[in-house]
1. Assign unit charges at the C-beta atoms only (+1 for Lys and Arg, -1 for Asp and Glu), then state the dipole size of the chain relative to its Cα centre in Debye, rounded to the nearest 20.
2. Can you find, among Cys163, Leu149, Thr194, the residue sitting farthest towards the positive end of the charge dipole of the stretch 141-196, where Lys and Arg contribute +1 and Asp and Glu -1 at Cβ?
3. Ranked by Cβ crowding within 10 angstrom, fewest neighbours first, how are Val265, Val255 ordered?
4. With charges only on Cβ, +1 for K and R and -1 for D and E, what is the dipole size of the stretch 203-272 about its Cα centre, in debye, rounded to 20?
5. Cysteines without a disulfide-compatible partner in the chain, using Cβ under 4.7 Å as the rule?
6. What order, most packed first, do the peptides 59-70, 83-94 have when packing is the mean number of other Cβ atoms within 10 Å of each residue?
7. What share of all Cα pairs of the chain, in percent, falls into each consecutive 10 Å distance bin?
8. Taking 32 Å as the cut-off for C-alpha to C-alpha distance, list the pairs among Lys37/Lys211; Lys37/Lys251; Lys37/Lys210; Lys190/Lys246; Lys37/Lys190; Lys210/Lys251 that go past it.
Amino acid sequence: MTTIGLLPDRCRGCVAWELDADGVRSAVRLGDTEFEKEVWLSGVMLTWGSAGQIVTVDDRPVGFALFAPPTAVPGASAFPTSPVSPDAVLLTTARILPEFTGQGLARYLMNGVVSALTRRGVRAIELFGYEDAPAEAKANQIDVTTTNLSSVDIDAPRAGVGCDAAVKITSDGPLTVNLGGCDVAVRATKGTATKRACVSRREFVVHLSKKLRGRTVRSARVSVAGRTRTARGKTLALRISLAGLKPGRFKLRIVSRLSNGKKVVQTRAYRTCAKR
């Protein structure tokens, strides 16, 4: 595998293996998980070699596996059975798209992984497995029961839930549950209650003026919450994402460069998680 573009969308932004716990939280908070994944893949390929295998059907990627030496997989340290043997390679992920299962592709994929690593002199392949949750388990929910506590911190990526997870709280007093990696918190009073954290999923297109103060706009730089994009040429429109931001009011700043070299600064305000 030579590019992150061959991975399914959901997997491009998964960095649970590629970063340590602090790195995961930072990447999730900043919305840079896909960028961090690409940096990791490029680095491993540059220093060690190919880090994956892809299975295609009619030129469409339908399955993949990722692997790397233990030193390149800091996320493995969170598992109780770590560390990985120093002479082994860790198989971090292997997946076949659901619509292509039952066709022997998984066996074909794993045979390819073993063959490729054997040719490179790898002595062992290790992996961590998990047991599927019971069918009655509720997806994207955390149950928290506490006594004599005022706050609880939960690492959302490690817990396998999203930043918008439902949190069922049973407590003998007021309790704050902080979702690490999301920079959001849910609060409840004494008793049992189910709360849902809010993290923005808002995206929109900003259409920029082609002329300001009688001059043609050559380019425009748009920034919000530390994220910056630039538009040039005839198409002065940008898709802006507020996804991953906590509830609040965010100022969008537009710096337009005119044909005479001058700049014009404009601001707009947007809210996330606003009540409807």
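1. Values: 42 positive and 23 negative charges, 592 e Å.
Value, rounded to 20: 2840 debye.
2. Of the listed residues, the answer is Thr194.
3. So the residues, fewest neighbours to most, are Val265, Val255.
4. Details: 20 positive and 1 negative charges, 60 e Å.
Computed about the Cα centre, the dipole is about 280 debye.
5. Cys11, Cys14
6. Numbers: 59-70: 18.9, 83-94: 17.0.
Top to bottom by mean Cβ count within 10 Å: 59-70, 83-94.
7. Calculated P(r), rounded to whole percents: 6, 21, 25, 23, 17, 7, 1.
8. Details: Lys37/Lys211 39 Å; Lys37/Lys251 29 Å; Lys37/Lys210 36 Å; Lys190/Lys246 25 Å; Lys37/Lys190 41 Å; Lys210/Lys251 21 Å.
Among Lys37/Lys211; Lys37/Lys251; Lys37/Lys210; Lys190/Lys246; Lys37/Lys190; Lys210/Lys251, the Cα-Cα distance tops 32 Å for Lys37/Lys211; Lys37/Lys210; Lys37/Lys190.
Every number in this text was worked out from the coordinates using simple rules, so none of it is lab data. Predicted model, so just to flag it, every value in this text is computed and none were measured. Positions of Cβ are backbone-derived with ideal geometry, glycine not excepted, and every protein chain shown enters the neighbour counts.
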